[in-house]
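The values are calculated or read from the model by the stated rules, or taken from the named source; none is laboratory data. Note that the structure is a prediction, hence the values are computed from the model and not measured. Virtual Cβ from ideal backbone geometry, glycine too; neighbours counted across all protein chains shown. When the accessible area is computed, the model is the full protein with side chains, heavy atoms only, and any ligands, DNA or RNA have been set aside. Shrake-Rupley method; radii C 1.70, N 1.55, O 1.52, S 1.80 Å.
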Amino acid sequence: MTSDDLRTRRANSFGAHAHAYAEHRPDYPAPAIRWALSPLGPGAHEVLDLAAGTGKLTGGLVAEGHHVTAVEPDESMLSELVRRHGGVRALPGTAERIPLPDATVDAVLVGQAFHWFDPARALPEIARVLRPGGVLAGLWNGDDVEVPWVAEFNRITRGGTEPLDTAVRSIPDHELFKDAETRTFPHTHRRTAETLAATVDTYSHAIVMPQDEREALRQRMLDFLLSQPETAEGEFDVPLRTHVERAIRT
């Protein structure tokens, strides 16, 4: 299998695990969402949640009072989003072919998904649906590896394979966007040993593993977590860092 074949397989792997994704992936901190949209000023805005998945970012945008359109290519993921956020306009589509008219949204936000896009096609398409002066922002949740137990758990879960979910954390430069800025926000995810292992099971690099390798990885994760005082019993907060990059439509 070529690297492109593996990437395609990983990109298409989430739908069969949509319910688990919705149950176990973390949301996004409100301060990160507010900072991403702050160039627009106060008030409710028309926001496109692009590659919205099961609505992890959608929920935060709705809670902030914005008018959200969610676009997601995977039918199962989109169905899970509708089940959880039934009042949101939800449409099938991709970053390279967004089903919206020109200049109709104030912001396009992308949670944990920009690495799956073809930037050469996606960036002009995103610019097309944005109003001049609108915001494009990518948000990425990642482990806070400055915490020793988190760093070791991260090493165990990767197993020599880079999780694309967290590997790429930037928006490529493009003439249609300017004034790129970045900021990182602290975040936490409430878990148990079992549900943290279940979270890793929703990462694409784990989903595409052969079943025996996946089961062995899960056992290694549980053995480690049950051996650590921070994670051995009951619920605990997993320290995360949410990286945000935003740019302005020219």
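Does residue 155 satisfy the condition of being modelled with pLDDT of 95 or more and out of contact with any helix residue (DSSP H, G or I) (no Cβ under 9 Å at 6 or more places or on another chain)? Full working, then the answer.
Values: modelled with pLDDT of 95 or more: no; out of contact with any helix residue (DSSP H, G or I) (no Cβ under 9 Å at 6 or more places or on another chain): yes.
When the stated conditions are applied, residue 155 does not pass them.
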Residue 106 vs. criteria touching a His at 6+ places or on another chain (Cβ under 8 Å) and open to solvent by 10 Å² or more (accessible area, probe 1.4 Å): yes
Answer residue from region 208-234, given it is assigned to a helix (DSSP H, G or I) and acidic (Asp, Glu) and is farthest from residue 154 (Cα to Cα) among those: 212
Selection count, region 33-81, where residues are more than 20 Å from residue 20 (Cα to Cα), crowded, with 24+ Cβ neighbours inside 10 Å and small (Gly, Ala, Ser): 1
Sole exception among (1) surrounded by 15 or more Cβ atoms within 10 Å (Cβ to Cβ); (2) under 22 Å from residue 176 (Cβ atoms); (3) without any contact (Cβ under 8 Å) to a residue 60 or more places away in the chain for residue 129, by number: (3)
Check on residue 223, among the acidic types (Asp, Glu) and at pLDDT below 95: no
Complete set of residues in region 39-74 that are in contact with a strand residue (DSSP E or B) (Cβ under 8 Å, 6 or more places away or on another chain) and in a helix (DSSP H, G or I): 39, 40, 56, 57, 58, 61, 62
Residues within region 171-222 that are more than 18 Å from the chain's Cα centre (by Cα) and open to solvent by 90 Å² or more (accessible area, probe 1.4 Å), tallied: 11
Close pairs (6 angstrom Cβ cut-off, 6 or more residues apart or separate chains): within 17 Å of residue 202 (Cβ to Cβ) and charged (D, E, K, R) in region 214-231, open to solvent by less than 30 Å² (accessible area, probe 1.4 Å) and modelled with pLDDT of 95 or more anywhere: 218/197
